[in-house]
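J.: Structure in structure tokens, see below.
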Amino acid sequence: MTDLHQPDARSTARPEPAVLAAFEAATGFMPLDEGLALYAAAVEAAGRTGLPVLEIGTYCGRSAILLADAARRTGTVALTVDHHRGSEEQQPGWEYHDPSLVDPEVGRMDTLPPFRRTLFHAGLEEHVVALVGRSPQIAALWGGRLALVFIDGGHTDEHAGGDYAGWVPHLAEDGLLVVHDVFPDPADGGQAPYRVYLRALAEGFEEVSVTGSLRVLRRTAR
Ligand SMILES: C[S@@+](CC[C@H](N)C(=O)[O-])C[C@H]1O[C@@H](n2cnc3c(N)ncnc32)[C@H](O)[C@@H]1O
């Protein structure tokens, strides 16, 4: 029989087909292989520590579906942080802008309603807590320990670096840090998440897995 308390017993966990279908139907940016790596990391870390998992960068809930299902499976909760006004590259005139996500009354992006619809239809609403606001402000108020921190928020040095500085202190001793959009070659994408990844390696994290631009790291020293 599988011992679910062994560190690696859950590391290859996959979501049920209905959850995968909800993920693939959701608006967002994460490819399937990276989503599966995120899911396996979340199930492993939450199952081992019994602590919540947290992401910075909810957007419309695509990756949050997987974290919420990982939380359901391990009896914890997924926390997801976003001001829901979009990152720099999602603003009007930029590459990743989606005009359907602009609130016509205030003239700004608002991804909170699609996020709520996505999690409702996936049947995962009760396994996720949405923290609506700026990542550094929420991190400064936060008091609990976390099994996993997933950085997928703003892609500038200010924002990605702020996410790392704000949330890594809340990570459990043997927790996992996951960073999205890590591109060692500047030709492939912005460098701020890569610099966060390098900082983590320099500050006592070791690499657990590489899937596309997704890096899973484990803390080895404080
Ligand atoms: C790349 S999207 C997240 C994609 C999402 N994880 C997915 O799987 O589709 C980045 C999100 O981070 C949010 N964001 C950027 N900077 C932020 C900050 N400083 N605090 C809170 N949210 C932020 C944006 O509003 C945007 O929704």
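A short reminder: the numbers here are calculations on the coordinates, not readings from a lab. Quick caveat, the model's predicted, so the values are computed rather than measured. Cβ atoms come from the backbone with ideal geometry, glycine included; neighbour counts cover every protein chain shown.
J.: Under 9 Å from the Cβ of residue 212, count the other residues' Cβ atoms, weight Lys and Arg +1, Asp and Glu -1, and hand me the total.
T.: Overall, the nearby charge balance is -2.
J.: Can you say what percent of the DSSP beta bridges in the chain, counting only those with both residues inside, are antiparallel? Round to 5.
T.: 40 percent
J.: Run the helix sum for the chain: -39,500 (n - 2.57) per DSSP H stretch of 4+ residues, divided by residue count, reported at 222 nm to the nearest 500 deg cm²/dmol. Provide the component values of the computation, followed by the final result.
T.: Details: 7 runs with 79 residues, N = 222.
Calculated from helices alone, the mean residue ellipticity at 222 nm is -11000 deg cm²/dmol.
J.: Can you list, largest first and rounded to whole Å, the semi-axes you get for region 1-124 by taking the square root of 5 times each eigenvalue of its Cα gyration tensor?
T.: Listed largest to smallest, the semi-axes of region 1-124 are 30, 13, 12 Å.
J.: Follow-up question, since we're still on this one. Under the Kirkwood approximation for Rh and a Cα-based Rg, what ratio Rg/Rh is obtained for region 31-219?
T.: 0.94
J.: Diagonalise the Cα gyration tensor of region 121-173 and give the resulting equivalent ellipsoid semi-axes, square root of 5 times each eigenvalue, largest first, whole Å.
T.: Equivalent ellipsoid semi-axes, largest first: 21, 15, 11 Å.
J.: Counting only other residues whose beta carbon sits under 13 Å from that of residue 163, what net charge do I get with K and R as +1, D and E as -1?
T.: Local charge sum for residue 163: -3.
J.: What net charge do the residues around residue 111 carry, taking every other residue with its C-beta under 11 Å from that of residue 111, with Lys and Arg at +1 and Asp and Glu at -1?
T.: +1
J.: Then there is this: Contact order normalised by length for region 31-219, with contacts defined as Cα pairs under 8 Å and 6 or more residues apart; what percent is it?
T.: Relative CO of region 31-219 lands at 22 percent.
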